[in-house]
Amino acid sequence: MSMFSWLHYDFMKYAFLAILIITPLFGVMGTMIVNNKMAFFSDALGHSALTGIAVGVVFGVNDTNISMVVFAVVFALLLNQISSKVAASTDTVISVFSSFSIAIGLAILSKGGNFSKYSSILVGDILSITPLELWYLLVILLVTVLFWLIGFNKLLAVSLNRTLAKSRHISVAWMENLFAVLTALIVMLSIKWVGILIINALLILPAASSRNISENMREYHFFSILFSMFSGNVGLIISYYVNVATGPTIVILASIIYFITYWWGRRNHI
Amino acid sequence: MRKMIRPCGLHCIKINHLGVTLGGQEILKDINLHIHCGSLNAVIGRNGAGKSTLIRAILNDIPHTGNIEFKDRENGRIQKLKMGYVPQSMNVEKQTPVSVYDMIAAYQSSAPVFLMRGSKIRQKILEHLRIFEADYLIDKQVCNLSGGEQQRVLLSMALMDSPNLLLLDEPVSGIDQNGMDLFYKTIYHLKENYDLAVILISHDLDYVRRYADQAILIDQTVLKQGSVKEVFGSREFAQVFQYGKGET
């Protein structure tokens with residue numbers, strides 16, 4: 001079984017498990033991020049990881065995972081609040097606050113010329129994941145599935161028309177905030193393995209590809225999860241044999257799927 | 001299917017001293033309305049008069065002062081008012097993978113639409129779509145519907161809760177003359193055959209003249225309210241619409 005020889009290594013086994021958890025998670029979350037035009041929002045969240053680490057360093061927190069998650073959740077809620085209050089367009093608001101927070105993060109982390117210590121988070125390294133961290137990912141996957149089962153209809157209702165949702169006693173602000181917090185948690189818990197530079201691609205591409213060929217919510221979810229898992233697993237194996245970073249390999253595959261589905265959807269008028 | 005009940009004319013909805021202030025600006029003040037079941041009430045006024053704000057305030061979508069009562073006229077018993085709302089349009093761009101079933105089930109059912117298609121809710125949706133001869137649209141994508149088709153689907157959805165009061169924003173785009181005729185005929189049919197009152201924001205005075213029972217002319221507050229004839233013949237009406245006749 002030389003084809004599966006890569007599974008002899010523990011680090012590859014863990015990476016494989018991580019991909020099996022992260023990719024369906026991203027496939028599912030991506031559907032609503034794309035529907036709600038929140039690509040820019042999730043991108044800003046990814047970048048805020050740096051600030052989260054910096055905040056942890058300043059306050060002397062041992063586990064910067066915690067400061068990252070806390071900062072991202074606060075940041076997500078704040079962005080939601082501000083963009084609903086301020087008259088400027090949402091992408092402008094997000095851009096302003098995102099740039100500000102990244103700059104603060106970079107300034108703190110680069111103090112004394114130490115930034116190279118943190119630069120690994122830019123690209124991410126899925127091969128360094130530990131069993132404990134796999135459990136974190138599994139928990140967040142279960143939370144997401146539960147949230148989707150209970151709350152998806154409401155999320156969709158809010159996304160289709162807020163006034164109509166409100167008239168049907170759906171708490172619009174709650175749903176939007178819960179979704180933002182969940183996005184923040186998922187991005188933060190997976191960013192070390194995926195990397196700041198490409199995490200958004202993994203969230204957006206599978207759902208965007210699925211949108212090219214889907215006509216209803218069931219197809220949308222099915223294809224999004226399928227594309228996400230396919231590019232994740234195949235990307236991991238290819239990266240092992242070709243000896244390049246895993247994240248970029250996955251994104252290249254996901255992009256190719258996007259172009260194929262775009263072409264296919266155009267041809268079949270979906 | 002929902003039983004058709006002739007409007008009894010015995011229920012009424014009273015809106016008392018409704019006011020809306022947003023961002024320090026008073027948009028509506030002291031709105032008092034009296035709406036009977038089985039009546040079609042058209043809200044008219046110039047652009048920016050607060051027509052949409054009024055609907056959103058009645059729906060409780062924005063903070064407002066004043067209150068809304070739903071009364072049985074015979075014994076004055078106050079009941080819970082069920083409102084149906086038909087928005088002007090839905091937030092769907094091209095390629096949004098939301099079918100008519102998905103959209104209606106998202107609002108009407110707790111069976112997660114990404115996972116399964118509940119046969120019970122599907123039946124219920126089909127029955128209501130049939131009222132407007134729109135059952136063939138159930139598996140179509142919402143973004144691919146014409147303006148008229150979308151309105152019929154949204155109307156079916158609003159009727160699913162058997163509302164006492166139906167709030168509508170008249171469609172302004174993506175609908176042609178025939179579509180508008182059909183839209184008004186449908187609303188007329190609804191108020192004649194179902195036990196409900198209709199409040200409709202209208203931008204077309206011709207249709208109001210032809211179909212509405214009551215007209216409500218607003219500009220920050222109610223300028224004139226009464227039968228269409230009364231309102232259209234009033235001094236206030238002439239003042240508001242002296243320019244650009246027929247358009248609001």
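Rounded to two decimals, the Cα-based Rg/Rh of chain B, with Kirkwood Rh, is 0.97.
Simple point charges give the picture: +1 on the Cβ of Lys and Arg, -1 on the Cβ of Asp and Glu, and for chain A a dipole about the Cα centre of about 580 debye.
The Cα center of the stretch A:172-194 and the Cα center of the stretch A:80-143 differ in position by 11 Å.
Helix-only arithmetic for chain B: the sum of -39500 (n - 2.57) across DSSP H runs with n ≥ 4, divided by the residue total, places the mean residue ellipticity at 222 nm at -9000 deg cm²/dmol.
Report the relative contact order of the stretch B:68-191, percent, no decimals, based on alpha-carbon pairs under 8 angstrom and at least 6 residues apart. Spell out each step's value before the answer.
Details: 141 pairs, mean separation 43.5, N = 124.
Answer for the stretch B:68-191 is 35 percent.
Shown for B:Arg152, B:Arg46: other C-beta atoms within 10 Å of each C-beta, ranked fewest to most, produce the order B:Arg46, B:Arg152. Comparing B:Asn164, B:Asn60, B:Asn193 in a Gaussian network model of chain B, where Cα atoms under 10 Å apart are tied by springs, the biggest mean-square fluctuation is seen for B:Asn60. Across the stretch B:123-132, computed HN-Hα scalar couplings (Karplus, 6.51 cos²θ - 1.76 cosθ + 1.60, θ = phi - 60°) run 4, 4, 5, 4, 4, 6, 5, 4, 3, 10 Hz from first to last residue, x flagging Gly and Pro. Given +1 at the Cβ of Lys and Arg, -1 at the Cβ of Asp and Glu and no other charges, the dipole of the stretch A:157-270 around its Cα centre is 240 debye to the nearest 20.
Put in order of Cβ neighbour count within 10 Å, fewest first, the listed residues B:Leu18, A:Leu127 become A:Leu127, B:Leu18. Find how many whole Å separate the alpha carbon centroid of the stretch B:141-197 from the alpha carbon centroid of the stretch A:23-41. Using only Cα atoms to place each centre, the spacing works out to 32 Å.
Anything over 19 Å Cα to Cα? Flag those among A:Lys111/A:Lys192; A:Lys154/B:Lys80; A:Lys166/B:Lys82; B:Lys51/B:Lys185, in the order listed. Present the calculation step by step, with values, prior to reporting the outcome.
Working: A:Lys111/A:Lys192 22 Å; A:Lys154/B:Lys80 23 Å; A:Lys166/B:Lys82 13 Å; B:Lys51/B:Lys185 22 Å.
Beyond 19 Å: A:Lys111/A:Lys192; A:Lys154/B:Lys80; B:Lys51/B:Lys185.
Whole-Hz Karplus values for the stretch A:247-261 come out as x, x, 4, 4, 5, 4, 4, 4, 5, 4, 4, 4, 5, 5, 5 Hz, taken residue by residue from phi with 6.51 cos²θ - 1.76 cosθ + 1.60 and θ = phi - 60°; glycine and proline positions read x. Close amide-amide hydrogen proximity is noted between B:Thr221 and B:Lys29, each under 5 Å apart and 5 or more residues distant or on a separate chain (H modeled in the peptide plane; Pro and chain starts excluded). Taking every alpha-carbon pair under 8 Å whose residues sit at least 6 apart, chain A reaches a relative contact order of 30 percent.
Distances between placed amide hydrogens fall under 5 Å for B:Ser99 paired with A:Met217, B:Val142, all partners being 5 or more residues away or on another chain. The calculated pair-distance distribution of the stretch B:169-215 uses every alpha carbon pair, bins of 5 angstrom beginning at 0, and gives 5, 19, 35, 26, 11, 3 percent. Rounded, prolate or oblate for the stretch A:118-270? Axes are the square roots of the Cα gyration tensor eigenvalues, ordered a ≥ b ≥ c, and the cut-off for rounded is a/c under 1.5. Cα axes put the stretch A:118-270 in the oblate bin. Short-range pairs are left out: with C-alpha atoms under 8 Å and at least six residues apart, the relative contact order of chain B is 28 percent. Only one residue of B:Ala106, B:Ser146, B:Ile121 has its Cα farthest out toward the positive end of the dipole of the stretch B:86-153, where Lys and Arg carry +1 and Asp and Glu -1 on Cβ, and that residue is B:Ile121. Taking amide hydrogens as placed 1.01 Å from N in the peptide plane, the amide H of B:Asp195 sits under 5 Å from those of B:Ile5, each at least 5 positions away in sequence or on another chain.
Computed about its Cα centre, the charge dipole of chain B is approximately 560 debye, with only Lys, Arg, Asp and Glu carrying charge at their Cβ. When chain A is treated as a GNM with alpha-carbon contacts under 10 Å, the residue of A:Tyr118, A:Tyr136, A:Tyr241 showing the greatest mean-square fluctuation is A:Tyr241. Rounded to the nearest Hz, the phi-derived 3J(HN,Hα) couplings of the stretch A:196-213 under the Karplus curve 6.51 cos²θ - 1.76 cosθ + 1.60 (θ = phi - 60°) are 4, 5, 10, 4, 5, 4, 5, 6, 8, 4, x, 5, 5, 5, 4, 4, 4, 10, where x marks glycine and proline.
Label positions at A:Ala173 and B:Leu81, each projected 7 Å from the Cα along the C-beta direction, are separated by 2.3 nm. Largest mean-square fluctuation among A:His47, A:His221, A:His169, in a Gaussian network model of chain A whose springs join Cα atoms under 10 Å apart, belongs to A:His169.
When all alpha-carbon pairs of the stretch B:39-148 are counted, what percent fall beyond 19 Å? Present the calculation step by step, with values, prior to reporting the outcome.
Details: 3737 of 5995 pairs.
Result for the distance tail: 62 percent.
Looking at the square roots a ≥ b ≥ c of the eigenvalues of the Cα gyration tensor of chain A, which shape do they give, rounded for a/c under 1.5, prolate if a/b is larger than b/c, or oblate? Cα axes put chain A in the oblate bin.
Every number here is computed from the coordinates shown, using simple stated rules; none is lab data. These figures come from a predicted structure and were not determined experimentally. Neighbour counts are summed over all protein chains in view; Cβ atoms, including those assigned to glycine, are modelled from backbone coordinates with ideal geometry.
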